[in-house]
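Below you'll find the structure, written out as structure tokens, and then a few comments.
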Amino acid sequence: MRQIVYRVLSIFLRPLSWLYAAVIRCRNLLFDKGFLKSYTFGKPVISVGNLTAGGTGKTPLVKWLTEELRREGLRPGIVSRGYRRSSKDMLVVHDGVNLLVGASAAGDEPYLLARQLKNVPIIVDKDRVRGIGKLLEQFPIDVVILDDGFQHRRAARDLDLLLLNSREPRRHYSLIPAGRLREPLSGTARASMLIYTKSPDHKLPELHALIKRYTTAPAVTTKLQPELIRYAGSDPEVVKEIPAGSFAFCGIGDPGSFTEVIEKLGIETRTTRIFRDHQSYSAQILHKLSREIRATGCRVILTTEKDLVKLPRDFLESFEVFAIRIDFSWTQQGRDTISALLKKTMVYKSEELS
């Protein structure tokens, strides 16, 4: 029934998608021809982005990429829009020493990255050019990671990592608002590397046959590796299992992946509550959620780490709390491909500036 409703809505929304496509194509053409300016910087900029609205695993990749660059002896910094944050202006989330603001002001994903990485400068700013400039001005950075940057053409980048969800249904590959595409598939021509996430068998999805018409960028498959953590104050601890009969809830772009992970880990839940992506947990929502949890008789709750960092302490301390943490998992081919691209990018940028 849901698919039928979706198809009917898509038909009615298609004219708006055509208008959206015309605007995006015109904008991209103006950048491609140089009528709109892209700003370059004195340090390499690596963008992590996607084509569809949410649910591809950008945050785990940004985390992995940051840690990989640090292992190579480099000093990365992160610039993000901070989607659905309560603040409006440019904001330093982490100064490389201290976490300066909460999840509401920072946005859930930059705040989660700041909590996980602990000592990496992170700035949120809708104006990515200004944010990058501030990051380079204020901190000793060797390389900038631009979170969710594929559509932000004003900030020139030296490497474009494009994520695509292998599980994404073909019907989603219509332009907004009829589907979830943020720009036409021809935009993949700008990608330096295609990274298919959530690939259970490490086979390129059928979608790749369509996408490779537009790009010669190398394509790899990856998995998102889940692990369980237990809330224990400021530093959650990794655990192997949780008590049976938990109340599960999430507010992420691909809630189906949450329920699949629960099944994969063999976790027994009594009920699952799905909120919208980037859900803000207001006092009113938490009051209602608490009542729902208690009505089931649950004392154990299970959520995602992205949701966990937005929940206030008084709520968390009312229950036994577990969360699913997601890390990035490469094949050897994928790791070799991205390592070669990173090395090439850093060497090229160094030679360009010398």
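Miscellaneous remarks
- Residue that is nearest to residue 56 (Cα to Cα), among those in the stretch 266-288 that are more than 22 Å from the chain's Cα centre (by Cα) and either part of a loop (DSSP other than H, G, I, E, B) or among the hydroxyl-bearing types (Ser, Thr, Tyr) (or both): 272
- Tallying residues that are in contact with a Lys or Arg (Cβ under 9 Å, 6 or more places away or on another chain) and farther than 20 Å from residue 60 by Cβ within the stretch 226-243 yields 4.
- Residues of the stretch 25-81 satisfying the condition of being polar (S, T, N, Q) and within 13 Å of the chain's Cα centre (by Cα): 47, 50, 52, 56, 59, 80
- Filter result for residue 331 (polar (S, T, N, Q) and in contact with a His (Cβ under 6 Å, 6 or more places away or on another chain)): yes
- In the stretch 99-145, of all residues being aliphatic (A, V, I, L, M) and in a loop (DSSP other than H, G, I, E, B), the one that is farthest from residue 313 (Cα to Cα) corresponds to 141.
- Failed condition for residue 167, given (1) of a type outside the set (Gly, Ala, Ser); (2) touching a helix residue (DSSP H, G or I) at 6+ places or on another chain (Cβ under 8 Å); (3) modelled with pLDDT of 90 or more: (3)
- Qualifying residue in the stretch 142-157 (condition: within 27 Å of residue 251 (Cα to Cα) and without any contact (Cβ under 8 Å) to a residue 24 or more places away in the chain): no
- Taking residues in the stretch 197-212 that are in the same structural domain as residue 48 (by TED's automatic domain parsing), and partners anywhere that are among the aromatic types (Phe, Trp, Tyr) and crowded, with 19+ Cβ neighbours inside 10 Å, the pairs with Cβ atoms closer than 8 Å and at least 6 places apart or on different chains are 204/196; 205/196; 208/196.
- Yes/no for residue 168 being charged (D, E, K, R), buried (at least 21 other Cβ atoms within 10 Å of the Cβ) and over 25 Å from residue 32 (Cα atoms): yes
- All positions within the stretch 192-204 that are out of contact with any Lys or Arg (no Cβ under 8 Å at 6 or more places or on another chain), buried (at least 19 other Cβ atoms within 10 Å of the Cβ) and not hydrophobic (A, V, I, L, M, F, W, C): 192, 196
- Each residue in the stretch 153-179 was checked for being touching a Gly at 6+ places or on another chain (Cβ under 8 Å) and either over 24 Å from residue 337 (Cα atoms) or in a strand (DSSP E or B) (or both), and 9 pass.
- The set of residues in the stretch 114-158 that are under 16 Å from residue 48 (Cβ atoms), among the acidic types (Asp, Glu) and over 19 Å from the mean Cα position of the chain (by Cα) contains only 158.
- Helices (runs of 4 or more DSSP H) wholly inside the stretch 292-354 containing at least 1 residues that are farther than 27 Å from residue 110 by Cα and free of Cβ contacts under 8 Å to residues at least 60 places away in the same chain: 332-353
- Check on residue 147, crowded, with 24+ Cβ neighbours inside 10 Å, touching a helix residue (DSSP H, G or I) at 6+ places or on another chain (Cβ under 6 Å) and either over 22 Å from residue 190 (Cα atoms) or modelled with pLDDT of 95 or more (or both): yes
- Conditions (1) at pLDDT below 95; (2) surrounded by fewer than 19 Cβ atoms within 10 Å (Cβ to Cβ): number failed by residue 292: (1)
- Candidate set: the stretch 316-335, residues that are acidic (Asp, Glu) and surrounded by 13 or more Cβ atoms within 10 Å (Cβ to Cβ); chosen: the one modelled with the highest pLDDT: 320
The values are calculated or read from the model by the stated rules, or taken from the named source; none is laboratory data. All values reported here derive from a predicted model rather than from experimental measurement. A quick note on method: Cβ atoms are made from the backbone with ideal geometry, for glycine too, and the neighbour counts reach across all protein chains shown.
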